[in-house]
4 protein chains.
Amino acid sequence: MGSIFGKNIRVSIFGESHGAAIGCAIDGFPAGLAVDFAALAAFLARRAPGATAGSTPRREADAPEFLSGIANGRTTGTPIAAIIRNSDHHSGDYAAIAATPRPGHADLAQRMRYGDSCDLRGGGHASGRLTAPLCIAGGLALQWLAQRGISIAARIDAIHGHPIAGERDASGLDAAARAEIEAARAAGDSVGGTIACEVKGVPPGVGSPIFDGLENRIAAAVFGIPAVKGIEFGNGFEAATLLGSENNDAFALDGEKVVTATNRHGGILGGISSGMPITFRVAIKPTPSIAKAQRTVDVSKHEECEIKVPGRHDACIVPRAVPVVEAAAAIAVMDGVVVRCR
Amino acid sequence: MGSIFGKNIRVSIFGESHGAAIGCAIDGFPAGLAVDFAALAAFLARRAPGATAGSTPRREADAPEFLSGIANGRTTGTPIAAIIRNSDHHSGDYAAIAATPRPGHADLAQRMRYGDSCDLRGGGHASGRLTAPLCIAGGLALQWLAQRGISIAARIDAIHGHPIAGERDASGLDAAARAEIEAARAAGDSVGGTIACEVKGVPPGVGSPIFDGLENRIAAAVFGIPAVKGIEFGNGFEAATLLGSENNDAFALDGEKVVTATNRHGGILGGISSGMPITFRVAIKPTPSIAKAQRTVDVSKHEECEIKVPGRHDACIVPRAVPVVEAAAAIAVMDGVVVRCR
Amino acid sequence: MGSIFGKNIRVSIFGESHGAAIGCAIDGFPAGLAVDFAALAAFLARRAPGATAGSTPRREADAPEFLSGIANGRTTGTPIAAIIRNSDHHSGDYAAIAATPRPGHADLAQRMRYGDSCDLRGGGHASGRLTAPLCIAGGLALQWLAQRGISIAARIDAIHGHPIAGERDASGLDAAARAEIEAARAAGDSVGGTIACEVKGVPPGVGSPIFDGLENRIAAAVFGIPAVKGIEFGNGFEAATLLGSENNDAFALDGEKVVTATNRHGGILGGISSGMPITFRVAIKPTPSIAKAQRTVDVSKHEECEIKVPGRHDACIVPRAVPVVEAAAAIAVMDGVVVRCR
Amino acid sequence: MGSIFGKNIRVSIFGESHGAAIGCAIDGFPAGLAVDFAALAAFLARRAPGATAGSTPRREADAPEFLSGIANGRTTGTPIAAIIRNSDHHSGDYAAIAATPRPGHADLAQRMRYGDSCDLRGGGHASGRLTAPLCIAGGLALQWLAQRGISIAARIDAIHGHPIAGERDASGLDAAARAEIEAARAAGDSVGGTIACEVKGVPPGVGSPIFDGLENRIAAAVFGIPAVKGIEFGNGFEAATLLGSENNDAFALDGEKVVTATNRHGGILGGISSGMPITFRVAIKPTPSIAKAQRTVDVSKHEECEIKVPGRHDACIVPRAVPVVEAAAAIAVMDGVVVRCR
């Protein structure tokens, strides 16, 4: 299978970078949500290319057309489908991909998976462009969650290893991070970074031990974002360096509620929400598409060669990935929460 | 739901720490595997308490009884069920759990999830003991994979922040790590660590982009292990600190095969196996059960109080978690590989 | 959930009768099928309104637009999405539905299920129009199956209780059946019928005992067709009237192959294909939309009243349902067969 | 896959007729049900061999042992596992099965499916014995449903084509039916029959159009019972013989409730419960195991031959199938209802 997420809501994502359209079908979304289309557009705009520092100049309206599941501005309870037309192709740029796979990309892996019939143009179904329908689904999930007092906010944690310490611009970058990105772009290179995400308002008792915990769900959704290479919850890898007495979060009273005095566990214990904010951090690798010459193989000639990936690239995908992380978290959290709310 | 993993094989895990038995049912396991029961017992022994440095002295045979799905020593193709009886309880040790949740444990979260009827003794269904049936399923998966040339090996990467650098003992620890663990035990405390895992022999082309990639699957399985707080593939979080030109793995020829000259990507591109070894690293938090006094809440009296977790504890769970990581990886990889092999 | 079928391929159907578009997303369809678009159009035309005796004059192109998953005329292996625009509405015809549910329709049931936000126009998501995307998915499945020597053919068995005995026209009706339908239409009424379906070429050994047998799968798919009220495999309900010695099919040799001398079992034993043709029969109720006055309730006034369902109706849906039964069978059979073929 | 049912509860059934044990694992069963073990035993006794007219004298305690998921007499919310030991084998009786498949049985189909490693003794995993764990799961579901005002009752409709018209004995048979069965037994033969089932109290609005309707679910579960060859809802195949004006059920008022004046639709419209009783009828074929000589093939010698199935057989399985139909219906209905109740 491949492109369907969820047990209680089912988000099915389809499309290739240079096909007719990309989109999503969402099964099980509850009836009655009054969709705020302006808010959804604003959410999608955060992911759109060109909007943030370091992003590709490819311009796309990326305005979703809703085909079903919404009537009179409200979700109907039956499947929601939305599509975005692909219009601004320069497929010629990618003509060489078929023969010379780009390092760090899924070109060759897809060919091994699907054979010669697969559509590799622009990265095909593995393209970052497919995060647009993910954001449609996630944007709707965020609105549904917001009505239940659940909010999700991600932000850039570090770029190229440097934590964001200064004042943030609209892209969530400080001056040092912008400089890192510009230096990479000038060198025909790219940089990665980390994103921190916080989910507030999830009631205690969501998720299950073993395979259906919130960590399993969120991780499974977040690894659906191309370029994600790691995820950690709470203090994550740091927990592995601490004593139990340092790492455990004491329980305490906050009026009627039982809380934890600290939140190293990141809001999830035994796969189940504890009522504390859910926190996780994600590692985003540097964009593999770079202008610099790289070694690869011409598979048609079966000989090693050099490639300079042509076309328009993000020198840093991290700012655009921030809403995508929120979207992935939203569908994962909604999938867990929705069974308690219907 | 909760305790079922997989799309093509389905591993269903059941049981509570202090119930009658724990076990697993495995649906979709192909017919014809000649089970090596001695090898399986040896695999399970690596997880068993008492076998490794730092582990609890609780003694369990942990010998699985197979109830179905194996006849004349071979898998039949119909569901495999196996159970392990629980026999060595000291439930009295845990009598206080109901009223005073243990910091770092899922006691309170489970109560919020399931209400008063849940069985919290020994951690109930969220107990680390449930990794025993996970290892039964994983041990069978490892044997099935081995027959297809796929091997999985995990080992301790670091304990309490210190990489294993010296000679390893049978538990995979060096002298410094053993000292760390003993110091923690002596102090009534515990330590965590990291585990590195490598999967060799997966053919290229396994997995799919977006939600059904090998990273999604492996992460979803590995977070089924209690105490796991993070996972990274390839160079993981380090990738976020590199330039694209540093992080991309060049393609190269190795005779007839296209390989990558380096393996920072960890054998998975776009969710699909590249043919290179799959590598990932897992963070294990320190065991939350410690003898030291901790602050918690007596929920029956609704007042804060102190707890010293009684009973037998692992001062370090990491050595015992090594085969569990292998088991989780095995069922995740088998779930992806099996559709190509039937 | 609701509108997703399959374990190995996943057919997700979306849309409402009077929304912007209806369509399907198909996940897991193997790469490399050269799609015969003309054959697909011909298949869809068999279901189209106006094409057959007794059908509504509503005219629709019903030409699917493929958005993804097909490139250069071949399936790519990544999700296939296709849509059909809705264009020929007379929503006004259905204005009264909201207040006065039509007998035999799902109007009231949908309102109980989804609340006031649901889109009931034209039957909404429960409309027979949704069988068009089912036929897109089924039509592709039929082509994939045909390449593996598997064919599926349904035909009308009886109309209004009268078996088709005479020469069949293009709609599969004989003179008596046409007369039955015309008489019903003239009276502002409708008739139902039965459809027999045969699947040839399924290799022995497809399906599993208990819950994943071919009977379970086919039934689960076929009840996705509105108006289906029953299904029986092989001799079905007649088997319940026979002796075991009359009903059992003797095994016999046909050259190298083991066959059954008769095929009362309908090609499935223990949920598994036997290698004999799979046969089943489906009951289709008379179209509930009739011009005759019927008793219903005005739910806004909470009083009983009379309704004459306005708009265009099929006096007999059975001829149009024939390809839909083939489509449902095709996706069910492909779902079982595909794991052996990848 | 094969032996797992459900989306919201997941019933996994394992075991072979002559293996160590049969059983089930139930994931997602809500916490807090006080299990009435005596009622469950009484329910299982209705299925047990020897209890009803026409059944095999094989004696089994069939008392389930619960391994997990129930503590202090209540469901805990975590997976329920239960097993029944197999003790009363005469495997020798079935020694010939491997070479000479029994007509009407899944022996040969299973061999084609699983190869030589499958366990065919007593029918293996396809044996009717596997309905015992189905009844454990169904019996628990019935109790859970009963607490929500939902009751399920099946009864014999006809035996060997003769409707039950006279006074019923404890097996649900009248004098004519008993005579039919005894005549078949005396002749070394068997008879089938039909079972009618009614589900009362399901609130309106359960289920979804297209693939997740109650009809799809119930049919998918009921075809998990060996020997079921057909299912029809409401008036089923009879609907295909009526006019729309005869078949439609008028809506009417019953105090505050909207009901239907008749119930030909069988309580389900568009896959969704209407609030009326859900009614369906199931065809059960005559037991294929008969003493009479039958033609089959000796696959080891590749020649046709004769077989007289040795061992103990039910001359009529229908009385024992009645609670099994209730069990299958219960898990299907609970799977649809449970999302509204948690």
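The values are calculated or read from the model by the stated rules, or taken from the named source; none is laboratory data. Everything numeric in this text was worked out from a predicted model, so none of it was measured. Counting neighbours? That spans all protein chains shown, and the Cβs are built from the backbone with ideal geometry, glycine included. The area values use the complete protein model at the heavy-atom level, side chains included, leaving out ligands, DNA and RNA. Shrake-Rupley method; radii C 1.70, N 1.55, O 1.52, S 1.80 Å.
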Next item on the list: Kindly indicate the residue of segment C:20-55 that is open to solvent by 10 Å² or more (accessible area, probe 1.4 Å) and of a type in the set (Val, Ile, Thr) and also modelled with the highest pLDDT among those meeting that condition.
Entry: C:VAL35
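Kindly establish whether A:VAL324 is buried (at least 24 other Cβ atoms within 10 Å of the Cβ) and of a type in the set (Val, Ile, Thr). Spell out the reasoning first.
Values: buried (at least 24 other Cβ atoms within 10 Å of the Cβ): yes; of a type in the set (Val, Ile, Thr): yes.
Answer is yes for this residue.
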Check: What is the one condition in (1) over 30 Å from A:ILE181 (Cα atoms); (2) among the aliphatic types (A, V, I, L, M); (3) in contact with an Asp or Glu (Cβ under 9 Å, 6 or more places away or on another chain) that B:ALA261 does not satisfy?
Finding: (1)
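For every residue, the table says whether it meets (1) acidic (Asp, Glu); (2) in contact with a Pro (Cβ under 9 Å, 6 or more places away or on another chain); (3) more than 10 Å from chain C (Cβ to nearest Cβ).
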position	(1), (2), (3)
D:THR279	no, no, yes
D:GLU304	yes, no, no
D:GLY336	no, no, yes
D:VAL339	no, no, no
Checklist line | Scan of segment D:289-342 for residues that are within 20 Å of D:ILE4 (Cα to Cα), of a type in the set (D, E, K, R) and in contact with a Leu (Cβ under 8 Å, 6 or more places away or on another chain), ordered by number | finding: D:GLU326
Note to self: Being under 30 Å from D:VAL338 (Cα atoms) and either without any contact (Cβ under 8 Å) to a residue 12 or more places away in the chain or more than 13 Å from chain A (Cβ to nearest Cβ) (or both) narrows it down to one residue among B:ILE9, B:ILE4; which is it?
What the structure shows: B:ILE4
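Would you confirm, using the coordinates I've provided, whether B:VAL258 is within 24 Å of B:GLU246 (Cβ to Cβ), open to solvent by 30 Å² or more (accessible area, probe 1.4 Å) and either of a type outside the set (S, T, N, Q) or within 20 Å of the chain's Cα centre (by Cα) (or both)? Full working, then the answer.
Numbers: within 24 Å of B:GLU246 (Cβ to Cβ): yes; open to solvent by 30 Å² or more (accessible area, probe 1.4 Å): yes; either of a type outside the set (S, T, N, Q) or within 20 Å of the chain's Cα centre (by Cα) (or both): yes.
When the stated conditions are applied, B:VAL258 passes them.
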Margin query: If I filter segment D:1-51 down to residues being among the polar types (S, T, N, Q) and out of contact with any Gly (no Cβ under 8 Å at 6 or more places or on another chain), which single residue comes out as farthest from B:CYS118 (Cα to Cα)?
Written below: D:SER3
Check: What pairs come up if the first residue lies in segment B:127-145 and is within 12 Å of chain A (Cβ to nearest Cβ), the second is part of a helix (DSSP H, G or I), and their beta carbons are under 6 Å apart, counting only those six or more places apart or on different chains?
Finding: B:THR131/B:VAL324; B:LEU134/B:ALA327; B:ALA137/B:ILE331
Checklist line | Residues satisfying the stated conditions in segment A:149-172, i.e. modelled with pLDDT of 95 or more, in a loop (DSSP other than H, G, I, E, B) and surrounded by 15 or more Cβ atoms within 10 Å (Cβ to Cβ) | finding: A:ILE150, A:HIS160, A:GLY161, A:ILE164, A:GLY172
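Inside segment A:284-341, can you point out the residues that are hydrophobic (A, V, I, L, M, F, W, C) and part of a loop (DSSP other than H, G, I, E, B)? Outline the logic, then answer.
Of the residues in segment A:284-341, the ones hydrophobic (A, V, I, L, M, F, W, C) are A:284, A:290-291, A:293, A:297, A:299, A:305, A:307, A:309, A:315-318, A:321-322, A:324-325, A:327-334, A:337-339, A:341.
Passing the criteria: A:ILE290, A:ALA291, A:ALA293, A:VAL299, A:VAL309, A:ALA315, A:CYS316, A:ILE317.
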Checklist line | Of all residues making up segment D:208-220, the number that are more than 22 Å from C:GLU16 (Cβ to Cβ), at the interface with another protein chain (Cβ under 7 Å from one of its Cβ atoms) and open to solvent by less than 10 Å² (accessible area, probe 1.4 Å) | finding: 1
Next item on the list: Could you tell me whether any residue of segment C:263-282 is over 25 Å from C:ILE152 (Cα atoms) and open to solvent by 50 Å² or more (accessible area, probe 1.4 Å)?
Entry: no
Next item on the list: Please verify whether segment B:310-320 includes one or more residues that are open to solvent by 10 Å² or more (accessible area, probe 1.4 Å), of a type in the set (A, V, I, L, M), facing chain A (nearest Cβ under 7 Å) and in contact with a helix residue (DSSP H, G or I) (Cβ under 9 Å, 6 or more places away or on another chain).
Entry: no
Check: How many of the residues making up segment D:105-161 are among the aliphatic types (A, V, I, L, M) and under 23 Å from D:PRO204 (Cβ atoms)?
Finding: 8
Next item on the list: Give the number of residues within segment A:35-50 that are over 22 Å from A:THR75 (Cβ atoms) and in contact with an Asp or Glu (Cβ under 7 Å, 6 or more places away or on another chain).
Entry: 2
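Residue under question is A:GLY73, and the condition is that it be touching a Phe, Trp or Tyr at 6+ places or on another chain (Cβ under 9 Å), at the interface with another protein chain (Cβ under 8 Å from one of its Cβ atoms), modelled with pLDDT of 60 or more and more than 14 Å from A:ARG312 (Cα to Cα); does it hold? Steps first, answer last, please.
Working: touching a Phe, Trp or Tyr at 6+ places or on another chain (Cβ under 9 Å): yes; at the interface with another protein chain (Cβ under 8 Å from one of its Cβ atoms): no; modelled with pLDDT of 60 or more: yes; more than 14 Å from A:ARG312 (Cα to Cα): yes.
The answer is no for A:GLY73.
Just give me the residues in segment A:115-126 being buried (at least 24 other Cβ atoms within 10 Å of the Cβ) and within 10 Å of chain B (Cβ to nearest Cβ), in sequence order.
Matches in segment A:115-126: A:GLY123, A:GLY124, A:HIS125, A:ALA126.
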Notebook entry, point to check: Quick one: which strands (runs of 3 or more DSSP E) sit completely within segment A:175-267 and have at least 3 residues that are under 27 Å from B:HIS302 (Cα atoms)?
Noted result: A:251-254, A:257-260
Next item on the list: For segment D:190-207, name all the residues that are in contact with a Pro (Cβ under 7 Å, 6 or more places away or on another chain), buried (at least 24 other Cβ atoms within 10 Å of the Cβ) and more than 7 Å from chain C (Cβ to nearest Cβ).
Entry: D:VAL199
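Only one of these is more than 22 Å from the chain's Cα centre (by Cα) and either among the β-branched types (Val, Ile, Thr) or away from chain B (no Cβ under 14 Å) (or both): A:ALA175, A:ALA187. Name it.
A:ALA175
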Check: How many residues does segment C:223-259 contain that are more than 7 Å from every other protein chain (Cβ to nearest Cβ) and at positive phi?
Finding: 2
Margin query: Could you check segment C:1-53 and list, in sequence order, the residues that are polar (S, T, N, Q), under 30 Å from D:SER3 (Cα atoms) and within 18 Å of the chain's Cα centre (by Cα)?
Written below: C:SER3, C:SER12
